[in-house]
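Visitor: Have a look at this one.
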Amino acid sequence: VLGNKCKAEDAVGCNTIIQVLADKYPVLKNCVCTTDGFCSITKLLEKQCTINKAFETGSPMITFLKSLFFLEHRANRTCLDVNKECVEDEVCNKQLSLYLKGCSVHKTCNMEECQAAVRFFYQNMPLEVAQTMTFCDCTQPDESCHRAEELLHGKPCAVTAVPTPSCLNVIHMCEENDWCRKKYRAFRSKCWGHVTKKCYGDEACLETLIEGDLPCSAGPACQAAYVGTWGTVLRVECSCPRSPASERPLCRLFQRLLHSRSCLS
């Protein structure tokens with residue numbers, strides 16, 4: 001920026017800087033607001049650098065939201081529909097471009113960078129928008145739609161590890177990270193409250209559960225908590241066949257908790 005190279009004139013630039021700082025210095029992550037679409041960082045920068053103006057009545061973002069998600073909302077929106085309308089909207093496309101820089105298919109995949117980009121993208125979208133994007137699907141064998149789905153869902157870079165980790169290891173990796181642990185516990189509480197109440201984090205207790213013990217709390221709170229896990233290791237594809245036989249029942253339970261869509265439809 002002319003006259004002040006350390007100053008970000010727009011909220012997108014500000015938010016990008018903050019995300020880089022938060023990823024490089026984990027201690028700062030507690031200063032980043034993660035409960036809404038704005039960038040509340042008063043503890044970090046003393047004054048707020050937000051995208052609030054983008055949400056004023058008549059603004060480009062509100063126009064985008066009304067046309068894409070409020071006035072024309074349909075349960076069966078395809079990922080191709082959602083992707084096209086985001087690309088055609090100036091505000092959404094700007095956020096999407098930042099996201100794609102972190103998950104570019106034209107360079108070697110860096111999973112952590114891509115996950116951070118996914119996380120930042122969905123945190124800076126209003127919840128209704130984020131949900132529409134994360135829950136979009138392709139009902140037909142349409143190659144263009146599946147490409148759009150991969151783009152919006154961070155595939156393959158943010159979710160595909162080689163070799164495929166066990167679901168038990170995914171949980172353990174998440175528990176070692178403060179940010180991920182917070183999101184996992186919120187997801188478990190809102191979607192799988194019965195499991196949380198009965199066993200909390202006791203793996204020995206979890207091993208005693210059978211499929212009938214796993215009712216989920218489907219609803220808006222669960223869906224919001226699920227969106228909150230995007231951009232974390234919890235979204236990494238996992239499996240159980242290579243797990244030791246003694247760990248497979250627990251691994252399969254975690255696989256169901258993480259990847260079952262029964263709570264989200």
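Visitor: I need the helices (runs of 4 or more DSSP H) fully contained in the range 36-125, keeping only those with at least 3 residues that are modelled with pLDDT of 85 or more and surrounded by 15 or more Cβ atoms within 10 Å (Cβ to Cβ).
Guide: 79-88, 90-102, 111-123
Visitor: Could I ask something else about it? What number of residues within the range 151-184 satisfy the criterion of being closer than 25 Å to ARG252 by Cα and not in a loop (DSSP other than H, G, I, E, B)?
Guide: 17
Visitor: Condition test on SER97, is it among the small types (Gly, Ala, Ser), farther than 20 Å from LEU80 by Cβ and free of Cβ contacts under 8 Å to residues at least 40 places away in the same chain?
Guide: No: the conditions fail for SER97.
Visitor: A follow-up question, please. Could you tell me whether the range 218-239 includes any residue that is modelled with pLDDT under 95, in a helix (DSSP H, G or I), farther than 26 Å from ALA161 by Cβ and not hydrophobic (A, V, I, L, M, F, W, C)?
Guide: yes
The values are calculated or read from the model by the stated rules, or taken from the named source; none is laboratory data. In this text the structure is predicted, and so the values were computed from the model without any measurement. Here the Cβ is made from the backbone with ideal geometry for all residues, glycine too, and neighbour counts use every protein chain on show.
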